[in-house]
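Some notes on the structure that comes next.
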Amino acid sequence: DDYIDARRNILSPSTILFYERTRKNRFQTIMHRRVGDVGSWQVVLNQEARMVSPKTLKGAWGVVSAALHAAGCDVPNVSLPSVQTAPHEYLLPEQVLALIDAVRGLPCEIGVLLGLHGLRNSEIYGLTWQNVDLVAGSLTVDGAVVAGPDGFIAKRTNKNRTSKRTIPIMIPRLAEVLSATPANDRTGTVMTTYPSVLYKQLAR
């Protein structure tokens, strides 16, 4: 708790949310024990590895080991399963065109079109109308909306320095949909649906 609380105003809300989920859900077999009574952390990690992916285990141990270090406890040397990086999958040109047709008129359409322009999910929901230039045909990515412990939170910064960028609107349908939005409605964020809508409709 102390480790997490000391970082609430420093780290991203999504990172704090991950820390809290780790605290709540991981290593439940030893939650009732004092740190000095845990015994072999390697055995604990081996047990946890049967329930979660290598990536999840690595992240969870990262939180726990950092908290142990911050509290002045000895951090044991342990072995973790290797994390396999899956190759990125890309849509073929004909698949892009089919996707554009499939989402036409759906609540997720703008989100999908923005995703096809290279915006992350957090950037899609952080895009504001003041950063849409329909005359120049461009979008300025500056800010993000991320999930935090208390819900979704708007951030003034992006994931890294290169994330702030201006990109041209390359898909005519996106320009068409944005231009069709009444001028009086062009305030706040471009995407007004709940973030899960984009995920659920794409999953179909």
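The values are calculated or read from the model by the stated rules, or taken from the named source; none is laboratory data. These figures come from a predicted structure and were not determined experimentally. Quick reminder, even Gly has a Cβ in these numbers, built from the backbone with ideal geometry, and neighbours come from all protein chains shown. Surface accessibility is based on the protein's heavy atoms, side chains included, excluding ligands, DNA and RNA. Shrake-Rupley method; radii C 1.70, N 1.55, O 1.52, S 1.80 Å.
Okay, here's what the table says:
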quantity: Options ILE4, ILE16: the member that is part of a helix (DSSP H, G or I) and in contact with a strand residue (DSSP E or B) (Cβ under 7 Å, 6 or more places away or on another chain); calculated: ILE16
quantity: Subset of the stretch 1-43 (residues that are among the small types (Gly, Ala, Ser), closer than 23 Å to LEU80 by Cβ and surrounded by 14 or more Cβ atoms within 10 Å (Cβ to Cβ)); calculated: SER14
quantity: Given (1) of a type in the set (Ser, Thr, Tyr); (2) exposed (fewer than 14 other Cβ atoms within 10 Å of the Cβ); (3) within 19 Å of the chain's Cα centre (by Cα), index of the condition SER82 fails; calculated: (3)
quantity: Wholly enclosed strands (runs of 3 or more DSSP E) of the stretch 136-202 bearing at least 3 residues at pLDDT 75 or above and open to solvent by 40 Å² or more (accessible area, probe 1.4 Å); calculated: 165-168
quantity: From ALA60, ALA98, ALA71, residue being more than 30 Å from MET191 (Cβ to Cβ), open to solvent by less than 70 Å² (accessible area, probe 1.4 Å) and of a type in the set (A, V, I, L, M, F, W, C); calculated: ALA60
quantity: HIS88 vs. criteria buried (at least 16 other Cβ atoms within 10 Å of the Cβ) and free of Cβ contacts under 8 Å to residues at least 60 places away in the same chain; calculated: no
quantity: Near pairs, Cβ below 7 angstrom, 6+ apart or cross-chain, from the stretch 21-49 (within 17 Å of GLY72 (Cα to Cα)) to any residue that is open to solvent by less than 60 Å² (accessible area, probe 1.4 Å) and of a type in the set (Val, Ile, Thr); calculated: VAL38/ILE30; VAL38/VAL44; TRP41/VAL78
quantity: Selection from the stretch 95-122 of residues that are within 22 Å of the chain's Cα centre (by Cα), part of a helix (DSSP H, G or I) and modelled with pLDDT of 90 or more; calculated: GLU109, ILE110, GLY111, VAL112, LEU113, LEU114, GLY115, LEU116
quantity: Matching residues, the stretch 123-135, being assigned to a helix (DSSP H, G or I) and charged (D, E, K, R); calculated: GLU123
quantity: Selected residue (only one of VAL103, VAL112, VAL96, VAL43 is of a type in the set (A, V, I, L, M, F, W, C) and more than 30 Å from TYR194 (Cβ to Cβ)); calculated: VAL43
quantity: The stretch 24-78, subset farther than 25 Å from ALA6 by Cβ and of a type in the set (Val, Ile, Thr), residue farthest from the chain's Cα centre (by Cα); calculated: VAL43
quantity: Filter result for the condition that a residue is part of a loop (DSSP other than H, G, I, E, B), β-branched (Val, Ile, Thr) and more than 25 Å from LEU202 (Cβ to Cβ), over VAL44, VAL75; calculated: VAL75
quantity: Lone unmet requirement of (1) modelled with pLDDT under 90; (2) assigned to a loop (DSSP other than H, G, I, E, B); (3) not hydrophobic (A, V, I, L, M, F, W, C) for THR29; calculated: (2)
